[in-house]
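Engineer: Handing you this structure, nothing more for now.
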């Protein structure tokens, strides 16, 4: 059935690659020569305040401007760094909570009911929302809270404690090459996330290579190559009718011989209900193990932050077939705030590595439970 | 994808059995369950509230018809309301414009706009015999234009080339001019995914809409979207005069609440469903059929009852005759029953019709096939006539022979004999119970049969 899609791709590079032993994309090859100088450059930059920690501080904006200059080609109009609060404050969740506490200074059951409603509207899920609110209700009846503000604080703590256990940043220095296999359903932002990750790791001074494992969707290889060019990292590809596992195998070989530190492999989006396609992920992992028994070191599942309760079913299937070890939640810069993260954390406890808070390469942030929850709660209580 | 919603609803209404009139009291609990079911299916809260309110108003005080159980009566009300919400019939794409008829696509990132353009192009070309041109105004995402070019080549429609540096509105205008020159019937305009809160991008698509004056503006939405579907749909409907909705990724297992939310918020019909990876996986959306699928619980229930009744009576009658004649239930009878089950579509076929099955993971479901049934029939078929009439004869060596003959293990033969023994035991009680008891017993027997696959839920 896949045959239908297997038309010859238009781009010339792939027409040559079957003949050449070296599958590494030509367009990126000259670029890799520049990687060295780019690393030196970025090292100088990262010697300045570590890019993650100052997320919530205003000074971060200054360092960001330096980075922003390098992103001229990425249609960037504003400084790259904005705080989580700024990013998330427009969220429906935050809005409804804020309005809730403006309108209801009174501490009563109605308040809790509305709180439950807000949580449900944020996709936290019926069960999780009910549990949270019932717990607060019990404590309220025990007169633990003096006013609504204290109740909100307690809620914040509850929410943070739900997410705290899954706040485990990804450490890519434990192996070399450290292989990251990205998986997820269609249209969640896998390729974009890889582009952003490539930027992040090059900024950290690591040698990065990308593997164009999405051989199915039209122009997915092109898309990844563009990201490769932007970040000046080599992209291994075989064109559109190639076998995904074989591309990734080649990439791993290339990464090993070149001493690349991080290899990020793309895969085609697939719905978790399609058994055959899901099995292919297993094959990719098996093939990798022939070269490196520890690979893939991280199976990173990308989840669309606007997804509702179906995210649970997605993660369950991907975890079972692909052995997901970490999550990236994307598209959190809209009005959806990924309340389903609470449900995922509760049900699976898999680490959330990064969150996508915007379009630009630097908008992929290391997940920070407190910053995330604070961004959702009214400003008077956060921080 | 809608099965789980219907299943959840049918469960909740079952508790409403045996009450003569729907009152606010007796439907409160059920409506709460309906509310949770809808929320868990990702129907947006404002939509759920409106729906529940309307159901309450209509249901309270209603006499329950004799033919219906109170649960069914309430289901009927919910069903009617949901059908109203979903709309009555399929709304076709309106292409009644001076050619080229322009179709503009809009939606969030990753909703499936470009893929849908490819599918729609093929649909219009093959089924509507239209000359189709596609153009991409997505100058932002890397290789988005390339993606559409590839898709256009695959479905063999004209592609108007554009480049990343260009202005979307200029691209669109040039495409319209080209379409006119080439006497194209339909021009499909793909756009970049955009966040509804991104004012600049929303401004851009408004400008695009203004420049193109499309006859159809389709809002593409991922069927897995959660509560946010309401916000997104509202923002897009406010910014653009939408004419229809395309619901994508419906081949997953999402409960499809987003369909209801978007339909309710925008008031626009869902025109197509994207249901697969291939370019022909685009289905016109038939709200009436889907509403039936979501809410066909009444039908499902009656169907199941009917199936049960049929199975029970035929078998019961035959067996009853046998019992009356004083004969023993033997393996021949058992085989007849097994075969009858296969005739009804086998376990898998029966399962499909049963509510509650959607809660069972697909991985388990796929294991339930009729192999078990077939194997049991084969085991019995490998016995001699004498053995079938007198199963006691089966000693170790005979069992080994039967296992060899049927390609199974002696353990399988033993399991079958055990099941047979259970059934026989029940049969021997039948004569005491009269015909009603007989039916009841048979239902129990069916359950026992289900037990062999471990699958049939107790009903």
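Engineer: If you count, for every residue in A:123-129, the Cβ atoms of partner chains within 10 Å of its Cβ, what is the mean? Show your work: numbers first, answer last.
Structural biologist: On the way: counts 6, 2, 4, 6, 2, 0, 1.
Per-residue shielding by partner chains comes out at 3.
Engineer: What is the calculated FRET efficiency for residue B:393 to residue A:316, with r their C-beta to C-beta distance and R₀ = 56 Å, to the nearest 0.05?
Structural biologist: On the way: r = 49 Å, r/R0 = 0.88.
My answer for the efficiency is 0.70.
Engineer: What does the structure give for A:358-367 when I average, per residue, the other chain Cβ atoms found within 10 Å of the residue Cβ? Intermediate values should be presented prior to the final figure.
Structural biologist: On the way: counts 2, 7, 0, 0, 0, 0, 0, 0, 0, 0.
Taking the mean over all residues of the peptide, I get 1.
Engineer: Using just the alpha carbons, could you tell me how many Å³ per residue the convex hull of the range B:101-286 encloses?
Structural biologist: On the way: hull volume 19.0 nm³, N = 186.
Dividing the Cα hull volume of the range B:101-286 by its residue count gives 102 Å³.
Engineer: I would also like to ask the following. Using Cβ contacts closer than 10 Å as the measure, can you line up B:280, A:266 from fewest to most? Don't skip to the answer; put the middle values down first.
Structural biologist: Numbers: B:280 14, A:266 31.
Placing the least packed residue first, the sequence is B:280, A:266.
Engineer: Now for a separate question. Once label points are set 7 Å from the Cα along Cα→Cβ at both residue B:384 and residue B:127, what is their separation, rounded to one decimal in nm?
Structural biologist: It is 6.2 nm.
Engineer: If I take R0 = 60 Å and measure r between the Cβ atoms of residue A:146 and residue A:279 in this structure, what FRET efficiency does the formula 1/(1 + (r/R0)^6) give, to the nearest 0.05?
Structural biologist: Values: r = 57 Å, r/R0 = 0.95.
E between residue A:146 and residue A:279, to the nearest 0.05, is 0.60.
Engineer: Determine, for each peptide in A:112-123, A:156-167, B:226-237, A:137-148, the mean count of other beta carbons within 10 angstrom over its residues, then list the peptides with the highest first. Before the final figure, lay out the partial values.
Structural biologist: Details: A:112-123: 21.9, A:156-167: 16.9, B:226-237: 25.5, A:137-148: 12.9.
Ranking the peptides A:112-123, A:156-167, B:226-237, A:137-148 by packing returns B:226-237, A:112-123, A:156-167, A:137-148.
Engineer: Another question about this same structure. What is the list of residues in the range B:163-183 whose amide nitrogen lies under 14 Å from a point 7 angstrom out from the Cα of residue B:98, following Cα to Cβ?
Structural biologist: Zone members listed by number: B:177, B:180-181.
Engineer: Next question. Taking all pairs of different Cα atoms in the range B:179-231, averaging 1/r and flipping that mean, what Kirkwood radius in angstroms comes out? Can you show the working numbers first?
Structural biologist: Details: mean 1/r = 0.0749 Å⁻¹.
Evaluated on the range B:179-231, it is 13.3 Å.
Engineer: With label points built 7 Å along Cα→Cβ from the Cα atoms of residue B:332 and residue B:181, find their separation and express it in nm.
Structural biologist: It is 8.4 nm.
Engineer: How much FRET efficiency would the formula 1/(1 + (r/R0)^6) give for residue B:404 and residue A:286, where r is the Cβ-Cβ distance and R0 is 41 Å, rounded to 0.05? Mind dumping the intermediate values first?
Structural biologist: Details: r = 37 Å, r/R0 = 0.90.
Rounded to the nearest 0.05, the efficiency is 0.65.
Since every read-out is calculated from the coordinates, none of them should be taken as a lab result. None of the values given here were measured: they were computed from a predicted structure. Heads up, the Cβs are rebuilt from the backbone with ideal geometry, glycines too, and the neighbour counts pull from every protein chain shown.
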